[in-house]
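A.B. asks: Right, I'll just put the structure down here and ask away after.
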């Protein structure tokens, strides 16, 4: 089968492993940094999203942003990042509000409400694009693949000594804001995420934190999706949190792990993409999925292996008790 | 991945960035071929005629395809919606992605059978992984679904980008399997849809009872020996079939809406599962028809998004106007109930004012009622006009003895008198029941009775009376109007006989 041989290029240590760190550091360094920033920022927010059992709300919001961005573009005829962000934030909060309205005022459950709302928003976005912006040629590949590679084509601004691509500066800013918010509001976020009842009795406005988190989530998603594509944003939200949750019960530890995992995703994703000659964002998620798989099998507290050994031990112990 | 250096060489400045953002915005907008309207460039009224005459074979296949899809997805989606599994459909739709790529790579051609098999296997593997993660970790269902959705999708994306770099001829149309093309449905696609739909409906009709019990009560299903896992996975197989054939017409992201939205609408309209299945099939077919029609009206409009919008409009109508569970009927019922309780409270107050005077007078003044209810005269006026419109009281009080000559006096009509007696009786019976049978303290029973007096039915009243051995007085010593003398009571003003006398009312 020659196809399978053609599919994966021959392994070249120099070009695929060494070069990104030496000769071609200029494009690859930025790609690595961007990948890391996206994964880290998403991972940080994702820990709280997963704790609230709202992993799929991230999915819904990432789809619902589309009409918000298109409407913002149609109203202002500008593609400036702040305009997009406002549109995205409005769409994101509107999604969560609409889901809540349907869920609270009818017998339809949250999951179905989620599916209804995000598909409607996405469909409206697609229709708007088709009706009003049809002169632009669409290449659908791009949205699937999330072109982190286009980073090298982006406008650069000078920060002291180095010229930094604009999207990286932007993502860095969003990341720092998220880190600042998490540090400042750590206690409130912790309580509202894990025990809303307690938070309410302590006088913390749970609703404000809920919608605030949704707004932050929208900003993070819209900043990140240019790099990793609409659907892979969700992977970056969920995988760091679930992988960390298999290894620890402590939120600070999990947040720190998100940092390490983000670095591993970025480096691993880049090299995997070079080795397989595939898409970088997709490869980052494949690395994330494989890491989760490893942790699922070998986690010292919760891994399948440990569970299996434990159950075998228990069985032998039980058998011994029976026979003795 | 292409080497970034070559991309820089091909750079055209900033507008590439613009286009890239636009491309990102485009989402899963169907690419070429997905447009019914491409076939014609005419006035919209001609388009309408063309569509509904069904002469055009492309229109016929598109309509038949979307109808079948609507029926199939509506029926199968109902089981997802009632099981709170709605987002499994979304996960399935994304999980088939690597299967499509592998099906293509099987013999490097767009062989529909290979792709169908690959996609089905990938979708099933996805559901199995979700099940495993849930069974063997502490992670919740939403995380498991999200991980499988994005993880499988990422594998698919990597495979697709690798295929793009391959030097083979027929790779170009592959993304159509992901983006959908209702208009370009061929006879074979529609046939496949028909077989899948018939097969799914057959399986569901054959094992309806088993699916029903497995969906609503899995523990009970296991207890009575229904192999729950077998039916769970059978349902997943059927769903994967439905998703894979629907992908061709609606695209990857929107196919889950076809599973969820019509079924959720049906869920609002009925409480019986078999009614829900029929309704969901009907609503799904309706959405498909409208979607195909709307996309046909304009030029270059995709079908999938219009199907979703049609389904969502139907859902919005159901959400607002469903007879039992709709928002407007519930709001209306709530309003009517509030108005009734208000009116009954006013009637009771009039009764109490009369009772305080031992029913010696047949009418009372508005000011007396207002001070009794502890509200302003204006508020009483609006309550009274409601009572007058129900024909419970009259406002003309020209008494023969001329005691109340002003028209600010209130008298019961016979029906108003009876209703007032019933409410007072309910209240006092309940107070007595709470003190005697439930051993409440006498000063704790009023608030409870205040609520229940509006709800007690006649049969419950009979039971209470029997249980309390037909009491005469409530715990506060006031007289309870009873059924025996209730109907023989004449309203005040028609004669003295049969009036209850307040017993110890002035203590």
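A.B. asks: Do the conditions hold for residue A:236, that is, is it more than 11 Å from every other protein chain (Cβ to nearest Cβ), within 17 Å of the chain's Cα centre (by Cα) and on the phi < 0 side of the Ramachandran plot?
C.D. replies: no
A.B. asks: Given (1) at pLDDT below 80; (2) more than 9 Å from chain B (Cβ to nearest Cβ); (3) not in a loop (DSSP other than H, G, I, E, B), identify the lone condition not met by residue A:142.
C.D. replies: (2)
A.B. asks: Still on this structure, please answer the following. Condition check: more than 10 Å from chain B (Cβ to nearest Cβ), out of contact with any strand residue (DSSP E or B) (no Cβ under 7 Å at 6 or more places or on another chain) and touching a residue at least 60 places away in the same chain (Cβ under 8 Å). Does residue A:98 satisfy that?
C.D. replies: In short, no.
A.B. asks: List the number of the failed condition for residue A:108; all other conditions in (1) in contact with a helix residue (DSSP H, G or I) (Cβ under 7 Å, 6 or more places away or on another chain); (2) outside any loop (DSSP other than H, G, I, E, B) hold.
C.D. replies: Condition not satisfied by residue A:108: (2).
A.B. asks: Also, I was wondering about something else. Do you know which residues across segment B:342-368 are in contact with a strand residue (DSSP E or B) (Cβ under 9 Å, 6 or more places away or on another chain), touching a residue at least 24 places away in the same chain (Cβ under 8 Å) and in a helix (DSSP H, G or I)?
C.D. replies: B:346, B:347, B:350, B:351, B:354, B:355, B:366
A.B. asks: Output the number of the condition that residue B:318 fails; it satisfies all remaining conditions of (1) at pLDDT below 90; (2) surrounded by 21 or more Cβ atoms within 10 Å (Cβ to Cβ); (3) under 24 Å from the mean Cα position of the chain (by Cα).
C.D. replies: For residue B:318, the exception is condition (1).
A.B. asks: Could I ask something else about it? Only one residue in B:324, B:330 is without any contact (Cβ under 8 Å) to a residue 60 or more places away in the chain and outside any helix (DSSP H, G or I), so which one is that?
C.D. replies: It is B:324.
A.B. asks: Further question: In contact (Cβ under 8 Å) with a residue 40 or more places away in the chain, outside any helix (DSSP H, G or I) and within 11 Å of chain A (Cβ to nearest Cβ): is that true of residue B:253 in this structure?
C.D. replies: When the stated conditions are applied, residue B:253 passes them.
A.B. asks: Let me ask another. Any residue in segment B:374-395 that is over 19 Å from residue B:414 (Cα atoms) sitting within a Cβ distance under 7 Å of a residue that is not in a loop (DSSP other than H, G, I, E, B)? List the pairs, counting only those 6 or more apart or interchain.
C.D. replies: Every condition considered, the pairs that remain are B:376/B:370; B:377/B:366; B:377/B:367; B:377/B:370; B:380/B:366; B:380/B:369; B:380/B:370; B:380/B:373.
A.B. asks: Restricting the search to segment A:239-263, which residues are free of Cβ contacts under 8 Å to residues at least 24 places away in the same chain and more than 11 Å from chain B (Cβ to nearest Cβ)?
C.D. replies: Of everything in segment A:239-263, those that are free of Cβ contacts under 8 Å to residues at least 24 places away in the same chain and more than 11 Å from chain B (Cβ to nearest Cβ) turn out to be A:248, A:250, A:252, A:253, A:256, A:257, A:260.
A.B. asks: Out of segment A:282-319, which residues are exposed (fewer than 12 other Cβ atoms within 10 Å of the Cβ) and either modelled with pLDDT of 90 or more or within 12 Å of chain B (Cβ to nearest Cβ) (or both)?
C.D. replies: Listed by number, the residues that qualify are A:301, A:309, A:310, A:311, A:312, A:313, A:314, A:315, A:316, A:317, A:318, A:319.
A.B. asks: Going by what's in this entry, would residue B:150 be described as surrounded by fewer than 16 Cβ atoms within 10 Å (Cβ to Cβ), more than 21 Å from residue A:249 (Cα to Cα) and assigned by TED's automatic domain parsing to the domain that holds residue B:239? Can you show your working first?
C.D. replies: Numbers: surrounded by fewer than 16 Cβ atoms within 10 Å (Cβ to Cβ): no; more than 21 Å from residue A:249 (Cα to Cα): yes; assigned by TED's automatic domain parsing to the domain that holds residue B:239: yes.
Here the answer is no, as residue B:150 does not meet what is asked.
A.B. asks: Check whether at least one residue in segment A:169-181 is within 14 Å of another protein chain (Cβ to nearest Cβ), crowded, with 16+ Cβ neighbours inside 10 Å and either more than 23 Å from residue A:43 (Cβ to Cβ) or at pLDDT below 90 (or both), and report yes or no.
C.D. replies: Within segment A:169-181, one or more residues are within 14 Å of another protein chain (Cβ to nearest Cβ), crowded, with 16+ Cβ neighbours inside 10 Å and either more than 23 Å from residue A:43 (Cβ to Cβ) or at pLDDT below 90 (or both).
A.B. asks: Please work out which one of (1) surrounded by fewer than 24 Cβ atoms within 10 Å (Cβ to Cβ); (2) more than 11 Å from chain A (Cβ to nearest Cβ) is the condition residue B:296 fails and give its number.
C.D. replies: (1)
The values are calculated or read from the model by the stated rules, or taken from the named source; none is laboratory data. Remember, predicted model here, so these are calculated numbers, not experimental data. No Cβ is skipped: glycine too gets one built from the backbone with ideal geometry, and neighbour counts run over all protein chains shown.
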